[in-house]
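Peer 1: I have a structure I would like to understand better, so I am pasting it below and will then ask my questions one at a time.
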Amino acid sequence: QVQLVESGGGLVQAGGSLRVSCTASGGTFSRYAMGWFRQAPGKEREFVAAINRIGVSTLSADSVKGRFTISRDSAKNTVHLQMNSLKPEDTAVYYCAALQGPPSRLMGEYDYWGQGTQVTVSS
């Protein structure tokens, strides 16, 4: 029903910034909370940030508070994750996901997933 297409991943030096984006199609964007998760090789997928359907409330992991900002553009059916002050430990595949309900930190709550985009932070 919903397709999520991600973009913006790449290589950046520690301390730098990067913005990843996710564009949704096949559904009504405003009905979904959106989230970002990440997974490094050999590690479990972990929550990064989420935003409610309107965009007035957000959640974020303690590890990225103050550095990452999630936002959404309803006119473009797109959610963004602005990543500043990047650290090597932020290196991972970043996935966006859509949820029919309030934003959540739990992977199992999300109904649709993108394919992921690689973010690599060098030291």
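Peer 1: For the range 24-44, indicate whether the set of residues that are of a type in the set (Lys, Arg), at pLDDT 95 or above, more than 19 Å from residue 7 (Cα to Cα) and surrounded by 14 or more Cβ atoms within 10 Å (Cβ to Cβ) is non-empty.
Peer 2: No: the range 24-44 contains no residue that is of a type in the set (Lys, Arg), at pLDDT 95 or above, more than 19 Å from residue 7 (Cα to Cα) and surrounded by 14 or more Cβ atoms within 10 Å (Cβ to Cβ).
Peer 1: In this structure, does residue 13 turn out to be in contact with a Lys or Arg (Cβ under 6 Å, 6 or more places away or on another chain) and at pLDDT 95 or above?
Peer 2: no
Peer 1: Further, regarding this structure: Test residue 9 against the criterion of being farther than 16 Å from residue 117 by Cα and of a type in the set (Gly, Ala, Ser), and give yes or no.
Peer 2: Spelling it out, it is not the case that residue 9 is farther than 16 Å from residue 117 by Cα and of a type in the set (Gly, Ala, Ser).
Peer 1: Given the conditions (1) within 18 Å of residue 21 (Cα to Cα); (2) in contact with a Ser or Thr (Cβ under 8 Å, 6 or more places away or on another chain), and given that residue 37 satisfies all but one, which numbered condition is not satisfied?
Peer 2: Condition not satisfied by residue 37: (2).
Peer 1: Filter the range 101-123 down to residues that are surrounded by 15 or more Cβ atoms within 10 Å (Cβ to Cβ) and of a type outside the set (Ser, Thr, Tyr), then give me how many there are.
Peer 2: 9
Peer 1: Also: Which one is nearest to residue 101 (Cα to Cα), of the residues in the range 40-69 that are basic (Lys, Arg) and in contact with a Ser or Thr (Cβ under 7 Å, 6 or more places away or on another chain)?
Peer 2: So, considering only residues that are basic (Lys, Arg) and in contact with a Ser or Thr (Cβ under 7 Å, 6 or more places away or on another chain), the one nearest to residue 101 (Cα to Cα) is 53.
Peer 1: Still on this structure, I have one more. Counting only residues that are in contact with a Leu (Cβ under 8 Å, 6 or more places away or on another chain) and of a type in the set (Val, Ile, Thr), which one in the range 1-23 is most open to solvent (accessible area, probe 1.4 Å)?
Peer 2: Across the range 1-23, the extreme among qualifying residues is 23.
Peer 1: Residues being within 18 Å of residue 27 (Cα to Cα) and either without any contact (Cβ under 8 Å) to a residue 12 or more places away in the chain or aromatic (Phe, Trp, Tyr) (or both): count how many of those fall in the range 76-123.
Peer 2: 4
The values are calculated or read from the model by the stated rules, or taken from the named source; none is laboratory data. Since this is a predicted model, take the numbers as computed values, not measurements. Cβ: placed from backbone, ideal geometry, glycine included. Neighbour counts: every protein chain shown. Ligands, DNA and RNA are stripped out before the accessible areas are found, and what is left, the full protein with its side chains, is counted by its heavy atoms. Shrake-Rupley method; radii C 1.70, N 1.55, O 1.52, S 1.80 Å.
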